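Q: Before anything else, here's the structure in question.
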Amino acid sequence: MELVRTNNGFSQMPDANFYTHFIWDRRNVTSTDEYTYQTYLANKKIIGISSVLKPTTYSTFDISGTVFFKKTFSAAAVKSNVETAISNNYSLLSADGSVVNRDYGIPVTRSKILNLIHSIDGVDYVEISYFGKDITDQTTNQENIIECDFDEIIVLSENNGTHGIFFDYASSG
């Protein structure tokens, strides 16, 4: 194989390194000299771009704040509904394990989480105090979006006391 560089500005090929592969079925050919190789292979080129397979990177995120609910609803019901909704949407698999919720390269946005929480019956408004990858390190707090790479999947941290969902629930009136 020979390495071909295409970044000359005149090529219709992508600006990347690629290899030229030669395919030759030599079952009916007896000559093996250089002229035969070049003549026969000139119209048998196949171009392919190198693929690199990288392992999946999994990252987690944490969220904390205060959910204010309407006084006609119970704190326990609102808490259960909020945490279930966030867990169902931001865990890798659905609750029954039949659907993959998260995919490669999908960032987590504060606005989508806020919309999800606001769609729950009884929620009046929400104040988010932390939104990031590690609640124990306040420097990782993000304003609007938790970015990820193309080979990364971001899921909600499992609530084990130090990571996950940390909302306080208070009546708004």
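Q: Please go through the stretch 71-101 and give me each residue that is assigned to a loop (DSSP other than H, G, I, E, B) and of a type in the set (Gly, Ala, Ser), ordered by number. So that I can check it myself, show each step before the final result.
A: Residues of the stretch 71-101 that are assigned to a loop (DSSP other than H, G, I, E, B), as a first pass: 71-74, 91-92, 94-99, 101.
Of everything in the stretch 71-101, those that are assigned to a loop (DSSP other than H, G, I, E, B) and of a type in the set (Gly, Ala, Ser) turn out to be Ser74, Ser91, Ser94, Ala95, Gly97, Ser98.
Here is a yes/no grid of residues against (1) under 30 Å from Gly173 (Cβ atoms); (2) free of Cβ contacts under 8 Å to residues at least 24 places away in the same chain; (3) more than 21 Å from the chain's Cα centre (by Cα):
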residue	(1), (2), (3)
Phe61	no, no, no
Val78	yes, no, yes
Ile86	yes, no, no
Ser91	no, no, no
Ala95	no, yes, no
His118	yes, yes, yes
Lys133	no, no, no
Asn141	yes, yes, no
Asn144	yes, no, no
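Q: Confirm whether Asp137 is surrounded by fewer than 14 Cβ atoms within 10 Å (Cβ to Cβ) and more than 17 Å from Phe166 (Cβ to Cβ).
A: In short, no.
Q: I'd like the residue in the stretch 120-131 that is crowded, with 16+ Cβ neighbours inside 10 Å and in contact (Cβ under 8 Å) with a residue 60 or more places away in the chain and, out of all such residues, is nearest to Lys70 (Cα to Cα).
A: Val126
Q: Filter the stretch 102-129 down to the residues that are assigned to a strand (DSSP E or B) and closer than 16 Å to Val155 by Cα and list them by number.
A: Passing the criteria: Val108, Thr109.
Q: If you check Ile106, Ile154, Ile146, which single one turns out to be surrounded by 16 or more Cβ atoms within 10 Å (Cβ to Cβ), among the hydrophobic types (A, V, I, L, M, F, W, C), in contact with a Cys (Cβ under 9 Å, 6 or more places away or on another chain) and assigned by TED's automatic domain parsing to the domain that holds Gly164?
A: Among Ile106, Ile154, Ile146, only Ile154 is surrounded by 16 or more Cβ atoms within 10 Å (Cβ to Cβ), among the hydrophobic types (A, V, I, L, M, F, W, C), in contact with a Cys (Cβ under 9 Å, 6 or more places away or on another chain) and assigned by TED's automatic domain parsing to the domain that holds Gly164.
The values are calculated or read from the model by the stated rules, or taken from the named source; none is laboratory data. The model shown is predicted, which means the values in this text are computed figures rather than measured ones. Neighbour counts run over all protein chains shown; Cβ positions are idealised from the backbone, glycine included.
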